[in-house]
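Colleague: Okay, handing you the structure first.
The values are calculated or read from the model by the stated rules, or taken from the named source; none is laboratory data. The structure displayed is predicted, hence computed values, not measured ones. Accessible surface areas use protein heavy atoms only, side chains included; no ligands, DNA or RNA. Shrake-Rupley method; radii C 1.70, N 1.55, O 1.52, S 1.80 Å.
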Amino acid sequence: MTAALVELRSVTKRFGDFVAVDAVSLAIAPGEFLTLLGASGSGKTTTLRMIAGFDQPSAGEIWMEGQSIHLLPPNKRNVNTVFQNYALFPHMSVWDNVAYGLKMRRVAKAEIGERVGQVLEMVHLEQLARRAPRQLSGGQQQRVALARALVNRPKVLLLDEPLGALDLKLRKEMQLELKHLQTQVGITFVYVTHDQEEALTMSNRIALMRAGRIEQAGTPQEIYDRPATKYVADFIGETNLLSTRVRSVAGDRATLDVEGQTIDAQVPAAGPVPAIGSQVWLSVRPEAMAILRDGESTPGGGGGHNVLVGRVLEGLYAGSMTRLRLQLAGETTLVLHVAPTGTAVAPGQQVRIGWPVARGVCLAE
Ligand code: ATP
């Protein structure tokens, strides 16, 4: 693995008796887009503020490029922060807002001109350089804030919910733009959001935080397809969580009992092997399952497939797909996303559904 650019070693932050960040260890690679994702109060901003230098850890260390930095003031670290509220100087033009940091550092006039021009071009604001912030839209103001950070050429850019104030459409546009920009400039981004879709779209890696700890860190695919806990499966995307009992375990496969029907599932790569007879949760994504026609089985490849029998409760048309709710013999209900052009089914109808074994994970509480 490449040497880490930023490394958190057992970092803890206490506010009085309250532990906001609890022994977090994390290595961030150069050029990586790492997202700290989590519910409100899970410790994302506090973690970011410690990397920035606005807060100091109560315990643990932060290293950057082989040097411990957690005791250095913010301006002595090679990092810059972009906040949700932009924090622009209202009385200064876009150009002066971006140039301000360089002027303070007494960079030569010609160089300031060149660098400010370059970053304004990068964020598509060269035409608006003479405007004041109040004459700009929210998205444009956020671009100024970004330009003001990028002009310093930091090694690491810290972004705290930078798109939080924007409406959904603009937010989605800016997500793509930010990701593109990050790839273009090659700066390491540490990005805070509570929006799981945003995290999945933009990140190379996601660290999902829960109550001050990292519940799971991995690529968006790993987190989505191989959640390590029920909490992760539930937090990221939509999933079916079925209560099941373990019949047997062989290697990375478990055989489970769901209301008397038998299915197979993956055992998570990390964590303890589920005990025979114990209750575990089976997580299967709604889009992983399909309605089977008579005599048909799912294309399971070499990995096999599962079949369950249930009754259709309702189908909710949702444009690109239909959300189908099913009930098994007992209380268990589950949701499938099926193509509107797929097999037509009616409420009350008994159906067989199938999915590849590899698409289901069994998880402890
Ligand atoms: P959000 O998405 O709501 O911003 P977050 O995951 O960024 O949440 P933090 O802002 O890191 O969460 O806060 C973590 C916990 O620490 C919260 O319970 C918060 O109330 C607490 N906390 C943060 N800053 C302080 C402080 N200065 N004094 C006391 N408690 C604090």
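Colleague: When the convex hull of the C-alpha atoms of the chain is computed, what volume per residue in Å³ does it have? Walk me through the numbers before you get to the answer.
Modeller: Details: hull volume 64.2 nm³, N = 365.
Spread over its residues, the Cα hull of the chain gives 176 Å³ apiece.
Colleague: How would Arg148, Arg130, Arg9 line up by accessible area, probe 1.4 Å, largest first? Please report the intermediate quantities before stating the final value.
Modeller: Values: Arg148 50, Arg130 175, Arg9 90 Å².
Ranked from most to least accessible, the order is Arg130, Arg9, Arg148.
Colleague: Right, another one. Here is the link list: Lys44/Lys179; Lys76/Lys109; Lys103/Lys172; Lys76/Lys172; Lys13/Lys76; Lys44/Lys172. Which ones come out longer than 31 Å on Cα distance? Don't skip to the end; give the middle numbers.
Modeller: Working: Lys44/Lys179 20 Å; Lys76/Lys109 23 Å; Lys103/Lys172 34 Å; Lys76/Lys172 34 Å; Lys13/Lys76 21 Å; Lys44/Lys172 21 Å.
Over 31 Å Cα-Cα: Lys103/Lys172; Lys76/Lys172.
Colleague: Calculate I(q)/I(0) for the range 2-82 by the Debye formula, one identical point scatterer on each C-alpha and no solvent, and give its log10 at q = 0.14, 0.15, 0.18 Å⁻¹ to two decimals.
Modeller: Scattering profile of the range 2-82, log10 relative to I(0): -0.43, -0.50, -0.72.
Colleague: Using a 10 angstrom cutoff on alpha carbons, build the Gaussian network for the chain and name the most mobile of Arg293, Arg325, Arg171.
Modeller: Between Arg293, Arg325, Arg171, it is Arg293 that shows the largest mean-square fluctuation.
Colleague: Counting only C-alpha contacts under 8 Å and six or more residues apart, can you give the relative contact order of the chain as a whole percent?
Modeller: Working: 768 pairs, mean separation 54.5, N = 365.
Over the chain, the number comes to 15 percent.
Colleague: Kyte-Doolittle cut-off -0.5, length cut-off 15 Å along the helix's own axis using Cα: show which whole DSSP H helices in the chain pass. Mind showing how you got there, number by number?
Modeller: Values: long enough: 94-104 (16 Å, 0.22); 109-122 (20 Å, -0.20); 138-150 (18 Å, -0.24); 168-185 (25 Å, -0.69).
Going by DSSP H runs, the hits are 94-104, 109-122, 138-150.
Colleague: Rank Met174, Met122 by accessible area, highest first, at a 1.4 Å probe radius?
Modeller: On the way: Met174 5, Met122 55 Å².
The ordering from most to least exposed comes out as Met122, Met174.
Colleague: For the range 80-134, calculate the relative contact order in percent as a whole number, restricting contacts to Cα pairs under 8 Å that are 6 or more residues apart. Present the calculation step by step, with values, prior to reporting the outcome.
Modeller: On the way: 33 pairs, mean separation 30.0, N = 55.
The normalised contact order for the range 80-134 reaches 54 percent.
Colleague: Specify the residue with the greatest mean-square fluctuation among Glu238, Glu331, Glu314, computed from a Gaussian network of the chain linking alpha-carbon atoms under 10 Å apart.
Modeller: In the Gaussian network model the winner is Glu331.
Colleague: Using Cα pairs under 8 angstrom and six or more residues apart, how large is the relative contact order of the range 1-79, in percent? Present the calculation step by step, with values, prior to reporting the outcome.
Modeller: Details: 133 pairs, mean separation 27.1, N = 79.
Relative contact order comes out at 34 percent.
Colleague: How many angstrom separate the Cα center of the range 252-280 from the Cα center of the range 316-332?
Modeller: A separation of 24 Å, based on Cα centres.
Colleague: Once you have a ≥ b ≥ c as the square roots of the Cα gyration tensor eigenvalues for the range 233-365, tell me rounded if a/c is under 1.5, and otherwise prolate or oblate according to whether a/b is larger than b/c.
Modeller: Working: a/c = 1.76, a/b = 1.70, b/c = 1.03.
Cα axes put the range 233-365 in the prolate bin.
Colleague: Roughly what % of DSSP beta bridges within the chain run antiparallel, to the nearest 5?
Modeller: On the way: 62 of 82 bridges.
Taking every DSSP beta bridge with both residues in the chain, the antiparallel ones total about 75 percent.
Colleague: What percentage of all Cα-Cα pairs in the range 136-236 are separated by more than 23 Å? Let's see the in-between values first.
Modeller: Working: 1554 of 5050 pairs.
Tail fraction, whole percent: 31.
Colleague: Name the residue, out of Thr183, Thr239, Thr35, whose mean-square fluctuation peaks in a Gaussian network model built on the chain with Cα pairs under 10 Å.
Modeller: In this elastic network of the chain, the residue with the biggest mean-square fluctuation among Thr183, Thr239, Thr35 is Thr183.
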